[in-house]
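Colleague: Take a look at the following structure, please.
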């Protein structure tokens, strides 16, 4: 029986190290390719949308100002104004935030600070399950429950309205706000709570004077993400919005947000009509881009 020499062991170690380094190089290249594919996909989508959407204004002679501020959308008469859709999207999003943010924030505080472990184990999965429900089912729920409720209880002639959209979007943004805000609140060090309680502050006072301000960055992030979910929603909104091309002046008006307009007409649009729908997508993308910029600023400020 031969005993391995020092040279044999050295050779085996060199081979093992070479395999390890080779595997690391291959892995890094694979990761790089995946990252580049993600960036390339984003650039292709942005480039295609902007190319199609900018064409009517660059080569077709249409005014971008008239497009943004116009109130008439009649493709058959070559009229393309999206101001009512912009206003409808903004109203619906702000209304959903007014309802959804307090409910989501208080729910996150309850789960992170007040609820027992048993209650949290039941409520948290239920909230997370809301995020997995297809958006069209939210729309069906709104059409079957919320719209008849508005008609029968509030006496609305047509339940498909701005208030119905606000209620559906408020429900849809809850999982995002609750999950992100709860994580931010749980990340606050326990020493903050212990110090506040040691000074004689009540539990509720500690939550709102110490914990919530300390988790401000994460809570703002949750709100921005919920805002992005609301402004980009399509299928659920189609079913409860009423889809009227008017400038909304009250909560009972039927509306057509930007996303709904694209989804309803893109299937049969052609030529300038189709390009104007892509231009609508540019406006919507600009809103989302601004939200992401705000989110990045909030995250950077929270890290300082």
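What follows is calculated from the coordinates using simple rules that are stated; it is not laboratory data. What you see is a predicted model, and the numbers here were worked out from it, not measured in a lab. No Cβ is skipped: glycine too gets one built from the backbone with ideal geometry, and neighbour counts run over all protein chains shown.
Colleague: Rounding to the nearest 10 and keeping the result within 0 to 90°, find how far the Cα-based axis of helix 162-186 lies from the longest principal axis of the chain.
Modeller: Helix 162-186 sits roughly 20 degrees off the main axis of the chain.
Colleague: Here is a further query. Sequence gap at least 6, Cα distance under 8 Å: using those rules, report the relative contact order of the chain to the nearest whole percent. All intermediate terms of the calculation are to be shown ahead of the outcome.
Modeller: On the way: 356 pairs, mean separation 74.8, N = 304.
Once normalised by length, the contact order is 25 percent.
Colleague: Give the peptides 240-252, 31-43, 158-170, 122-134 in descending order of average Cβ contacts within 10 Å, highest first.
Modeller: By packing density, highest mean first, the sequence is 158-170, 240-252, 122-134, 31-43.
Colleague: Return the single residue from 141, 208, 106 with maximal mean-square fluctuation; model: Gaussian network over the chain, springs between Cα atoms under 10 Å.
Modeller: Top of the fluctuation ranking is 208.
Colleague: Going by the alpha-carbon gyration tensor, a ≥ b ≥ c the square roots of its eigenvalues, is region 26-133 rounded (a/c under 1.5) or, if a/c is not under 1.5, prolate (a/b greater than b/c) versus oblate?
Modeller: oblate
Colleague: Please check: in the Gaussian network model of the chain (C-alpha springs, under 10 Å), which one of 181, 214, 108 has the largest mean-square fluctuation.
Modeller: 214
Colleague: Can you sort 256, 229, 118, 209 by how many other beta carbons sit within 10 Å, fewest first?
Modeller: In increasing order of surrounding Cβ atoms, one gets 118, 209, 229, 256.
Colleague: Rg and Dmax of region 193-304, using alpha carbons, in Å: what are they?
Modeller: 21.0, 70
Colleague: As a footprinting exposure proxy, order 276, 235 by other Cβ within 10 Å, with the fewest listed first. Let's see the in-between values first.
Modeller: Details: 276 28, 235 16.
With the sparsest Cβ surroundings first, the list reads 235, 276.
Colleague: Mean residue ellipticity at 222 nm from the helices of the chain, using -39,500 (n - 2.57) per DSSP H segment of n ≥ 4 over the full residue count, to the nearest 500 deg cm²/dmol?
Modeller: Taking each H run of at least 4 residues, the total per residue is -24000 deg cm²/dmol.
Colleague: Let me ask something else about it. For the pair residue 40 and residue 55, how long in nm is the line joining their label points, each one 7 Å along Cα→Cβ?
Modeller: Reported label-point gap for residue 40 and residue 55 is 2.4 nm.
Colleague: Neighbouring Cβ atoms within 10 Å as the yardstick, rank 67, 285 fewest first.
Modeller: Details: 67 20, 285 16.
Taking fewest neighbouring Cβ atoms as first place, the list is 285, 67.
Colleague: Moving on. GNM on the chain, C-alpha springs below 10 Å: top fluctuator among 53, 70, 142?
Modeller: Among 53, 70, 142, the largest GNM mean-square fluctuation belongs to 70.
Colleague: Oh, and also: Once both axes come from the Cα atoms, what is the angle between helix 83-109 and the longest principal axis of the chain, in degrees from 0 to 90, rounded to 10?
Modeller: Helix 83-109 sits roughly 50 degrees off the main axis of the chain.
Colleague: Shifting gears a bit: Apply the Kirkwood formula to region 120-168: the hydrodynamic radius equals the inverse of the mean of 1/r over all pairs of different alpha-carbon atoms; give it in Å with one decimal.
Modeller: Result for region 120-168, one decimal place: 12.0 Å.
Colleague: Which peptide among 261-267, 190-196 comes first, and what is the full order, when sorted by highest mean count of other Cβ atoms within 10 Å?
Modeller: Numbers: 261-267: 15.6, 190-196: 12.9.
Sorting 261-267, 190-196 by mean packing, highest first, produces 261-267, 190-196.
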